[in-house]
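Notes for the one structure printed next.
Taken together, the values in this text are just the output of simple stated rules run on the coordinates, not laboratory data. Keep in mind that this is a model prediction, so the values were computed, not measured. Glycine gets a Cβ as well: all are built from the backbone with ideal geometry, and neighbour counts include every protein chain shown.
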Amino acid sequence: MVDVIKKKAKEVQESLFSSVGSSVLTIGTSYLVLNFFRGMFGFVMSSDKDWLAVLNNMQLYMVQAYPESDFIRVWISVGLTFVFSGVSIGLWRSDDRSNISVMFDRFYKLGLGVLFFTIVAPTFTSYMGNDGYVITEEVFSRSSRIGMLIPVLLITVGFFLLKNRKINFSFNNSDAVFLYLSIPIALIWIIELPTIQLDQNKDRIIPDPLMPIANTTKVPWTVIFVLFLLSYFIGIYFKEVKRLKNIMSISWFLLPLLIFSWIFKKPQIEMAEVLTGDIPIFLIFFAVGLGTVLLINNPIVKKYYSIYIGVVIVATIAGVFISIPMLAKACLLLLGLFVTVVPAVSTSQQGKKSLIIIWAVALVTLTFLLRGGASETGIVVPGSSIFGGFSLTWLLAIFGTYVSFPLGVLLALGRNSKLPIVRIICTGIIELVRSVPYITWLFFASVTLAVFLPAGVEFNLIVRVLMVTAFFSGAYFAENIRGGLQSIPKGQYEAADAIGMSPFQKIGLIVLPQALRAVIPTLVSSAITAFKDSSLVTIIGLFDFLTIGKTVIDNQSVPVNFVGHQRENLIFVAVVYWIFTFTLSRRSMKIEKRLGLGER
């Protein structure tokens with residue numbers, strides 16, 4: 001034990017105090033961090049901060065005015081996401097294992113941190129009262145400090161002893177996720193939080209009593225955790241089924257569309273529209289796609305195939321400006337993408353069979369999702385949108401990334417195209433979008449976009465915001481991806497041509513994988529920026545996560561009296577944004593490490 005302590009002390013000395021300059025930098029940085037922590041601790045613990053403004057409004061933060069009678073739809077949406085996550089973790093379960101001492105070491109370091117900050121936490125804090133005088137009060141008494149130090153010290157010593165014992169037991173790194181998640185699930189059944197209570201006169205009772213977390217929160221989260229665990233074992237059981245992995249990859253792309261168009265929205269479906277509109281359109285386009293696949297090798301059809309593609313592209317563009325059902329517009333776009341792929345894939349009977357199945361599934365999926373998205377919602381809320389709070393922020397973040405990413409890929413490939421018309425159009429779109437601030441595009445979506453739409457074509461404000469967000473983020477993604485394309489050596493293109501690859505195979509199998517791998521850090525940076533920029537929608541009247549904390553809660557008066565409690569909410573919002581962006585950044589770093597980026 002003594003040798004271990006001496007070894008740790010030597011490591012600390014070599015890392016932090018190896019020279020005079022290193023010692024000065026360590027001491028100066030420690031002083032600044034320590035004072036920052038003491039100031040933040042005093043700020044958080046002072047009696048003039050009412051953190052119930054955050055706790056009491058978690059529902060408002062998450063879903064704004066979404067009715068409680070339909071909360072089951074929210075829980076289903078969250079549950080589906082966790083079930084898909086569990087199956088995916090099981091399917092792609094890593095074989096990497098870590099010794100149990102690694103986990104003990106993590107808890108030991110966490111205990112050291114808590115122990116240190118408990119010791120250095122200030123006993124008193126000062127703040128400015130309403131009368132202008134400075135008020136000093138005790139925020140962390142000696143008895144409270146000792147009552148916290150003793151158990152934390154014992155736990156820390158215990159983990160220190162365990163991590164230095166040679167315990168011959170290892171665990172899979174993927175399994176550790178469930179251990180860490182089980183801790184907050186267990187805590188919601190144990191901890192009690194201050195809760196606002198009203199007396200018979202509807203006045204707030206001070207001080208706020210400690211109450212257990214409501215069963216309407218505890219039970220759903222526990223059920224979701226159990227389903228998460230079960231889905232993980234299901235994924236492990238079917239780990240060797242490669243087709244299931246492909247299905248899960250596609251399902252992740254469709255899951256947000258399913259949640260936002262059917263589950264969360266609660267669409268009101270008119271069967272007459274389905275029978276007289278959706279089904280006939282589906283059958284017509286399925287027949288067109290089927291004929292395209294089956295007749296592609298016919299000499300007559302093959303001779304005029306380029307003309308057929310041109311007709312489809314013109315029809316797709318014209319469909320945007322003429323009054324036809326939205327499903328027909330979307331199917332035309334899908335057909336335009338489909339007919340460009342058919343010649344490269346339908347070179348065998350198996351390829352034709354696969355194309356027919358893909359075309360049928362794509363049409364069914366598109367019809368199903370578009371019917372849910374285009375139908376009127378059964379959710380009744382004050383205002384113009386059922387999305388608000390974190391649900392709106394998440395909606396904008398998801399679609400701002402996964403709709404704009406493929407758009408960015410197409411724009412980047414188009415800007416590098418040898419066809420002048422394609423290159424000019426893609427370059428014009430990128431330069432036009434990037435030359436105007438995002439706020440201006442939001443005003444364009446809110447006020448001006450409706451003027452440019454054809455007569456009879458109307459989109460909800462959120463849909464218009466999603467459209468401009470997709471183009472704005474897509475333009476930045478395009479430039480990042482173009483940088484990756486320029487890093488590909490010319491020899492890679494020549495090698496692909498030498499072995500007889502088609503243009504689609506060359507781009508999809510050789511060029512794009514290398515280009516995307518090279519620009520992962522910049523792509524993640526753009527995704528993080530898109531997530532944070534979603535807060536700008538407040539300027540056009542949408543109540544996102546930040547707006548709830550900055551404006552809505554700050555105006556709550558009787559009986560809770562949260563007027564003026566803006567700082568608490570802004571700190572909470574900042575922490576939530578930091579958690580998501582930091583997590584995304586760390587996951588990106590692990591992917592880069594796995595791919596060997598930055599290694600020579």
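A few notes on this one:
- Straight-distance candidates among the lysines for linking to K218, with alpha-carbon spacing under 26 Å and chain neighbours fewer than 8 residues away dropped: K265, K266.
- Modelled FRET efficiency - R0 60 Å, W75 with T427, Cβ distances, 0.05 increments: 0.80
- Across region 552-568, computed HN-Hα scalar couplings (Karplus, 6.51 cos²θ - 1.76 cosθ + 1.60, θ = phi - 60°) run 5, 5, 5, 9, 6, 10, 6, x, 7, 6, 9, 5, x, 8, 8, 5, 4 Hz from first to last residue, x flagging Gly and Pro.
- Span per principal axis, largest first, for the Cα atoms of region 385-600 (Å): 76, 51, 25
- Degrees, to the nearest 10: 390-402 long Cα axis against longest axis of the chain: 50
- Mean projection area, nm², convex hull over Cα of region 26-185: 15.4
- Helix 242-258 axis, angle to the chain major axis (alpha carbon atoms, nearest 10°): 80
- Counting only the Cα atoms, the chain fills a convex hull of 235 Å³ per residue.
- The Cβ shell under 15 Å around N297 holds other residues with a net charge of +4, Lys and Arg each +1, Asp and Glu each -1.
- Coordinate range along principal axes, alpha carbons of region 33-75, Å, largest first: 46, 22, 11
- Length-normalised contact order of region 270-374 in % [C-alpha pairs under 8 Å, at least 6 apart]: 37
- A protection proxy built from the mean count of other Cβ atoms within 10 Å ranks the segments 429-438, 327-336, 175-184, most packed first, as 327-336, 429-438, 175-184.
- Modelled spin labels at L410 and E192, positioned 7 Å past Cα toward Cβ, are 5.8 nm from each other.
- A quarter of the convex hull surface defined by the alpha-carbon atoms of region 270-374 gives 6.7 nm² as the mean projection.
- Between 0 and 90°, nearest 10: helix 404-415 axis offset from the chain longest Cα axis: 50
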